[in-house]
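Have a look at the structure below before the remarks.
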Amino acid sequence: MNSSIISKEEILKAFEFRHATKEFDASRKIAEEDMAFILETARLSPSSFGFEPWHFIVVQNKELREALKPVAWGAPLKLDTASHFVLGLSMNASMTKWDAPYISTMLHEVKKFPEEVVNGYLTFYREFQERDFALDTDKKLFDWASKQTYIALGNMMTSAALIGIDSCPIEGFNQEKAEALLREKFGVDTDKYGLSYMVAFGYRKAEPPHAKSRRNKKDLITWL
Ligand SMILES: Cc1cc2nc3c(=O)[nH]c(=O)nc-3n(C[C@H](O)[C@H](O)[C@H](O)COP(=O)(O)O)c2cc1C
């Protein structure tokens, strides 16, 4: 079955509706099932080799939201007003390097590959990391995992917009200080995970102050 259940116009309307919401209406809460839907679109997102190198923390605890403010200059108003506030974590090298135990667990227990397939997959994955993409430092491996986690970010924001929910992606934080805080107060094992982004969800307090500005198609798309 391949019949469209939503029109292109409706989808583009959602893309126009979505904007980086600076302040939310603090009195409005996202329904549990709507938030579950948004998070499900993160879970179903594609990732390189299918390794899902991410984790999402939904921060609803008021004290923990307060604790984030000093390390996240781009977030205070959103931390105060967003219905839901999510941290997008990505796996560090200890999790995603070709010989990491997590990779083996994914292949055996999630993908349920037979042993001979696992071995072939690992050889291929090792060559990709070491030769094709030269992921030869911990930082490069983290950034590569981050790229996957940003796909989930895009999907969450788009799916939220499609059901009339606003969002704001946030990179306005100090990564080192934020990760120290996550280690101390949020129970995050920072040997395994780093912080890629934050994203706030809720309902806008006011209409956006500016119309959307974007470059022209001809300046960013080349057809050959
Ligand atoms: C990865 C990423 C990080 C961002 N970080 C912040 C942020 O820290 N604070 C903020 O207010 N907006 C942030 N933005 C929002 C952008 O400024 C915004 O998306 C851009 O100006 C385009 O506007 P629009 O999203 O309203 O169409 C971020 C956007 C992205 C994609």
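Computed about its Cα centre, the charge dipole of the chain is approximately 780 debye, with only Lys, Arg, Asp and Glu carrying charge at their Cβ. Using a probe radius of 1.4 angstrom, the carbon and sulfur fraction of the accessible surface of the chain is 55%. Enclosing the Cα atoms of segment 2-98 in their convex hull gives a volume equal to 158 cubic angstrom per residue. Compared with the dominant principal axis of the Cα atoms in the chain, helix 115-127 is inclined by about 70°. Sparsely packed loop sites in segment 136-180 (the GluC sites (Glu not before Pro) outside DSSP H, G, I, E and B with at most 16 other Cβ atoms within 10 Å) comprise GLU171.
In the chain, one over the average inverse separation of all distinct C-alpha pairs is 19.3 Å, which is the Kirkwood hydrodynamic radius. Once each part is reduced to its C-alpha centroid, what is the distance from segment 2-75 to segment 91-110 in angstrom? Segment 2-75 and segment 91-110 have Cα centres separated by 26 Å.
Past 30 Å, Cα to Cα: identify those pairs from LYS97/LYS185; LYS13/LYS111; LYS147/LYS185; LYS69/LYS205; LYS69/LYS217, in the order given. Too far apart for the 30 Å limit: LYS13/LYS111; LYS69/LYS217. Rolling a 1.4 Å probe across all protein chains gives LEU79 an accessible area of roughly 10 Å². For the chain, the longest principal axis of the C-alpha atoms and the axis of helix 8-17 are separated by about 70°.
Cα-based values for segment 78-132, radius of gyration first and Dmax second, are 16.5, 52 Å.
Pairs over the 18 Å Cα-Cα cut-off, from the set LYS22/LYS212; LYS139/LYS192; LYS29/LYS212; LYS8/LYS29: LYS29/LYS212; LYS8/LYS29. When the surface is traced with a 1.4 Å probe over the full set of protein chains, VAL110 keeps roughly 90 Å² accessible.
Ordering ARG43, ARG28 by how much accessible area each has at a 1.4 Å probe, largest first, what is the list? Don't jump to the answer; show the numbers that get you there.
Working: ARG43 145, ARG28 115 Å².
Heavy-atom accessible area, descending, gives ARG43, ARG28.
Using a 1.4 Å probe and counting only protein heavy atoms, arrange ASP99, ASP25, ASP189, ASP166 so the residue with the most accessible area comes first. Provide the component values of the computation, followed by the final result.
Working: ASP99 90, ASP25 45, ASP189 70, ASP166 5 Å².
Putting ASP99, ASP25, ASP189, ASP166 in descending order of accessible area: ASP99, ASP189, ASP25, ASP166.
The values are calculated or read from the model by the stated rules, or taken from the named source; none is laboratory data. Every value quoted in this text rests on a predicted model; they were computed, and no experiment measured them. A quick note on method: Cβ atoms are made from the backbone with ideal geometry, for glycine too, and the neighbour counts reach across all protein chains shown. Just so you know, the surface numbers come from the protein's heavy atoms only, side chains and all, with ligands and any DNA or RNA stripped out. Shrake-Rupley method; radii C 1.70, N 1.55, O 1.52, S 1.80 Å.
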